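The structure appears right after this line, and notes come after that.
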Amino acid sequence: MSDIYWRKLFIVYVLKSINYKYHYIGHTKDLNVRLKQHNMGRVKVSKARNPFIVIYQEEYQLRSEAVKRERHLKKGKGNIWLRNKLINLNLW
């Protein structure tokens, strides 16, 4: 079996603030740990808007792919696509 099957995947995720109209897009190797960091106020950018829930995620083999996708979802057509997808799921 190839080493790629044992490698932990990179996750692009979208968080929604429970108390504010705010969404956060990021990437990580461990979504559970990262969500706890956001909810404990350890992420400067989202600190004032916690707590959060995960509303969307995608998995990638390579960090470079995850970073590219994260950037795409934060801007222009990628952000419009994400908003429309989440609106259709009543998550935005």
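The single condition among (1) more than 11 Å from the chain's Cα centre (by Cα); (2) surrounded by 18 or more Cβ atoms within 10 Å (Cβ to Cβ); (3) at pLDDT 95 or above that residue 84 does not meet is (2). For residues that are touching a helix residue (DSSP H, G or I) at 6+ places or on another chain (Cβ under 9 Å) and assigned to a helix (DSSP H, G or I), tally how many sit in region 75-92. Going through region 75-92 one residue at a time, the tally reaches 4.
In this entry, residue 53 is excluded by the filter for residues that are modelled with pLDDT under 95, surrounded by fewer than 14 Cβ atoms within 10 Å (Cβ to Cβ), outside any loop (DSSP other than H, G, I, E, B) and of a type outside the set (Lys, Arg). The numbered conditions (1) surrounded by 12 or more Cβ atoms within 10 Å (Cβ to Cβ); (2) of a type in the set (Asp, Glu); (3) modelled with pLDDT under 95 are all true for residue 58 except (3).
Total residues in region 43-72 satisfying the condition of being more than 17 Å from residue 22 (Cα to Cα) and out of contact with any strand residue (DSSP E or B) (no Cβ under 8 Å at 6 or more places or on another chain): the figure is 4. Quick one: count up the residues across region 12-31 that are among the β-branched types (Val, Ile, Thr) and part of a loop (DSSP other than H, G, I, E, B). So the answer is 1. Taking first residues from region 68-92 that are within 14 Å of residue 27 (Cβ to Cβ) and partners that are among the polar types (S, T, N, Q) and at pLDDT 95 or above, the Cβ contacts under 7 Å between residues at least 6 apart in sequence or on separate chains come to 73/79.
Exactly one residue out of 70, 58, 65 is within 16 Å of residue 12 (Cα to Cα), acidic (Asp, Glu) and in a strand (DSSP E or B): that is 58.
The values are calculated or read from the model by the stated rules, or taken from the named source; none is laboratory data. As the structure is a computational prediction, the values presented were derived from the model and not from experiment. Heads up, the Cβs are rebuilt from the backbone with ideal geometry, glycines too, and the neighbour counts pull from every protein chain shown.
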